[in-house]
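Before any comments, here is the structure.
The values are calculated or read from the model by the stated rules, or taken from the named source; none is laboratory data. Note that the structure is a prediction, hence the values are computed from the model and not measured. Here the Cβ positions follow ideal geometry from the backbone for every residue, glycine too, while neighbour counts run over all protein chains shown. All accessible areas refer to the heavy atoms of the entire protein, side chains included, with ligands and DNA or RNA removed. Shrake-Rupley method; radii C 1.70, N 1.55, O 1.52, S 1.80 Å.
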Amino acid sequence: MPIHRTFGAALLVAASVLSVPAMAGETETSLPDMVVKETATMAEKYKLPNTTEGIAAAKLADTVNVVDTEDAVKYMPSLFVRKRNNGDTQAILATRTWGINSSARSLVYADDIPISALIANDNSRGGPRWGLVAPEEISRVDMMYGPFAAAEAGNSMGGILRIVTRTPDSFEVTGKQTESFQTFSLYGTRDTYRTDETSASVGDKIGKFAFFLSANNANSFSQPLTMVTNTGAAPAGTTGQITAVNKSGAPTNVIGAGGLLHTDMDTIKAKFTYDLTPEIQASYILGYWQNHGRSRVESYLKDAAGNATYGTTGTGGTGKSFASSNYILEQAHTTHALSLKSDTKGNWDFDLVATHYQYDRDTQTQPGYTTGAATFSNSGTFTQMDGTNWSTVDVKGIWRPEGKGGAHEASFGAHYDRYILVNTTYTTANWQTVSMPNGVYTDGRGNTQTSALWLQDVWKIVPDVKATIGGRYEYWNTFDGHILDSTGISTNTRWMNHSAFSPKASLSWDFLPEWSITGSAAKATRFPTASELYQITTAASTASIPNPALAPERAKSYELALERDLGEGKVRVSLFQENVNKALISQSTSVNGTPTTVFTNVDEIRNRGVELAAQKSNVGIDGLDLSGSVTYVDSETLSDTSWAGGTQVEGKRVPYVPMWRGTLVTTFRPTEEWALTAAARYQGKMSSTLDNTDYVHHVYGAFDPFFVVDLRAHYKCNDNLEAAFGVDNVNNATYWEFHPFPQRTFIGELKMKL
């Protein structure tokens, strides 16, 4: 039986079991995932109509091997994070309608700080800044699906992920040590890769003042993230080339491994709050993140004497391929957030939030070519993004004309953001020291800004029927755009502006005490990011060309969700559809024989499907919890008149959207101290091209289906000491999501709290 049918059958059985009432006399000893909190979530406070799934810190500790913050969403319905390695700075969040190259089609927040990097929409620079949140800070994580909230920009078409961090109400000191070991074997590479992560925090509440200080260091060694390839015969006088093909079936032989990345990352956070009144609180958050990264290569080629060699010298051939995978990263980013919030029982509430994110230092240096058997040139390139930054301001209000619980609750607000991209690549005489750049090789820079007003009214028509109606108006413009390509052609781009109005509507009906149904419809507009407009890059032999004339993409989204409350859990089925006009998708072509990626507007695409999610505590016996999900997506490119590839595009699947995703998590708590978890994740094959011609599996560059099983044992010795041991990918699945993904990994944790 195909694996996706096995997943579907298993979850349907689980859902039927979950819907059975608890046995008579059963003792309720555990809380459902969505617990009652003193402070309402954003979805609760503003009565957002989105379908929401969440997980609290206690359940994370019991069920998920969390090495990096993004691991927290590992088993949430329809989500996938492209985390290639521990410490990955390019871990993109994929949602049920958008894939792993769509970083700007979802929003990720940590408290009030947008950690989504809406400076780009890709699977590299656009990755959310997960490193600004240490795993031990997390209080809970909530995912809100779709662009149905007027309070959020059109980037929410995939959904909104909100991470809430802890603020202690008494003095506490915590420390945690995590160790991870990955055993890896692929082609000519066999090794064990280690991660050491140390976290510490201290916090207290003293009268009206509270603080929480945390520090986290992660020292990680990754498996190869790339393979070094050669399309022709092995270099003269060498052996060791491995015959292979690429995802489209063309000869692409493997001659080595690249991206063997060592990262040493530090995160420092400070969170301060002050209660101006019992109902109004001011807060300030400061975050600092730095990364020292070093990527090396491993050659499979041997010369006649058996010594490792890069095969050729100079700026072309295999030597160039090895050089492009050998680089040094130096990064330091800071973020600030100021907020003033009220939480009253009266007619009015408000939120004021201002944030700023700054690239204080962000460089990548690499050699230009090889100079001998296994040595690199001193000359190379130096890419600098220092000065890239973004700022946001949000003002929100709530008016309850009849008080809390009244028939109407109106919310409204204003938003402003500004994104500044600086991306310059220099040539340099010494890529390891970069004492003095020789000159500019490429340059891409420019600014975007958006102003928005929004309004939403939640109308309780009758006690069991609620309507949510809203709209968002946005004005977007660009300025100071400049592009210099590697041939020396310089372009100062024209000023551009667009506006959009996005209506939202939702109707929910609690038609039985345990049942509800919600129908939602919305328009959403996503404006191009600065990188799509201006950032020009070259990696290995592939160039990425920006397009300063891009139009915004406009989505129409629909969802019908049927949900049953199980007391200690719930079962939900959602039908969804999204049609996008002028979809911003990168397309591959060839320019003068060089593989080139170009950003264009695709006329129309459509994603529609069904999502089944269920979770329940104490299933049949005390301490046995089940949760899981299955998502099916029918994805199609309806029209693309800009396609110039000479192949059929209409009727093909949209790139990076798999047909199937599934999760299944079983946790058993035999005692109050122990939690034992077995979890499984499945994802179907994805295409990465608009014409779906990448049909070969299990090769470098392919996007493979995978089935992975994870295990975790969590032991709470007492209130001050916890330990855990887990294994991710215990079945040692070998699969590619373009990059080789981690194989069997062992994780151990020890946490102390005073």
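Some observations on this one:
- Residue count for the stretch 250-291 satisfying the condition of being part of a strand (DSSP E or B) and more than 25 Å from ASN326 (Cβ to Cβ): 20.
- The listed residue being in a loop (DSSP other than H, G, I, E, B) and either surrounded by 15 or more Cβ atoms within 10 Å (Cβ to Cβ) or of a type in the set (Ser, Thr, Tyr) (or both), out of GLY397, GLY387, GLY403: GLY387
- Here THR243 meets the list (1) out of contact with any helix residue (DSSP H, G or I) (no Cβ under 8 Å at 6 or more places or on another chain); (2) in contact (Cβ under 8 Å) with a residue 60 or more places away in the chain almost entirely, failing just condition (2).
- Once the stretch 693-710 is narrowed to residues that are over 23 Å from the mean Cα position of the chain (by Cα) and open to solvent by less than 70 Å² (accessible area, probe 1.4 Å), the residue that is nearest to GLU673 (Cα to Cα) is VAL699.
- The set of residues in the stretch 617-627 that are at positive phi and open to solvent by less than 20 Å² (accessible area, probe 1.4 Å) comprises ASN618, GLY623.
- Matching residues, the stretch 118-134, being within 25 Å of VAL173 (Cα to Cα) and open to solvent by 20 Å² or more (accessible area, probe 1.4 Å): GLY131
- Qualifying position, being open to solvent by less than 20 Å² (accessible area, probe 1.4 Å), not in a loop (DSSP other than H, G, I, E, B) and not basic (Lys, Arg), among ASP349, ASP360: ASP349
Per-residue answers, yes or no, for (1) of a type outside the set (Gly, Ala, Ser); (2) closer than 30 Å to ASP264 by Cα; (3) open to solvent by 60 Å² or more (accessible area, probe 1.4 Å):
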| position | (1), (2), (3) |
| --- | --- |
| THR277 | yes, no, no |
| GLN281 | yes, no, yes |
| ARG296 | yes, yes, yes |
| TYR327 | yes, yes, no |
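- Taking the stretch 634-660 as the range and being under 19 Å from ARG608 (Cα atoms), open to solvent by 60 Å² or more (accessible area, probe 1.4 Å) and without any contact (Cβ under 8 Å) to a residue 24 or more places away in the chain as the test, only GLU650 passes.
- Residues that are surrounded by fewer than 16 Cβ atoms within 10 Å (Cβ to Cβ) and either in contact (Cβ under 8 Å) with a residue 40 or more places away in the chain or assigned to a loop (DSSP other than H, G, I, E, B) (or both) were ranked within the stretch 462-481; the one that is farthest from the chain's Cα centre (by Cα) is PRO463.
- Candidates LYS570, LYS523, LYS582: the one that is at pLDDT 90 or above, on the phi > 0 side of the Ramachandran plot and either part of a strand (DSSP E or B) or under 23 Å from the mean Cα position of the chain (by Cα) (or both) is LYS582.
- Scanning the stretch 504-524 for residues that are within 23 Å of LEU550 (Cα to Cα) and open to solvent by 10 Å² or more (accessible area, probe 1.4 Å) returns a single hit, LYS523.
- Those residues of the stretch 404-441 which are in contact (Cβ under 8 Å) with a residue 12 or more places away in the chain and within 21 Å of MET42 (Cβ to Cβ), in sequence order: LYS404, GLY406, HIS408, GLU409, ALA410, SER411, PHE412, GLY413, ALA414, HIS415, TYR416, ASP417
- Pairs with Cβ under 8 Å, 6+ apart, first in the stretch 343-360 and touching a residue at least 60 places away in the same chain (Cβ under 8 Å) and farther than 16 Å from LYS47 by Cα, second of a type in the set (Phe, Trp, Tyr) and open to solvent by less than 40 Å² (accessible area, probe 1.4 Å): TYR357/TRP390
- Scanning the stretch 173-190 for residues that are open to solvent by 40 Å² or more (accessible area, probe 1.4 Å) and not charged (D, E, K, R) returns VAL173, GLN177, PHE181, THR183, SER185, TYR187.
- Options ASN246, ASN217; residue that is touching a strand residue (DSSP E or B) at 6+ places or on another chain (Cβ under 8 Å), under 30 Å from ASP694 (Cα atoms) and open to solvent by 30 Å² or more (accessible area, probe 1.4 Å): ASN246
- Scanning the stretch 602-619 for residues that are under 20 Å from GLU636 (Cα atoms), under 23 Å from the mean Cα position of the chain (by Cα) and not basic (Lys, Arg) yields a total of 5.
- Within the stretch 335-346, considering residues that are crowded, with 19+ Cβ neighbours inside 10 Å and either in contact with a Lys or Arg (Cβ under 6 Å, 6 or more places away or on another chain) or of a type in the set (S, T, N, Q) (or both), the one farthest from THR89 (Cα to Cα): SER339
- Residues located in the stretch 482-503, provided they are closer than 20 Å to PHE576 by Cα and surrounded by 15 or more Cβ atoms within 10 Å (Cβ to Cβ): SER502
- Residues satisfying the stated conditions in the stretch 191-210, i.e. in contact with a Phe, Trp or Tyr (Cβ under 7 Å, 6 or more places away or on another chain) and open to solvent by 40 Å² or more (accessible area, probe 1.4 Å): ASP191, THR192, ARG194, LYS208, PHE209
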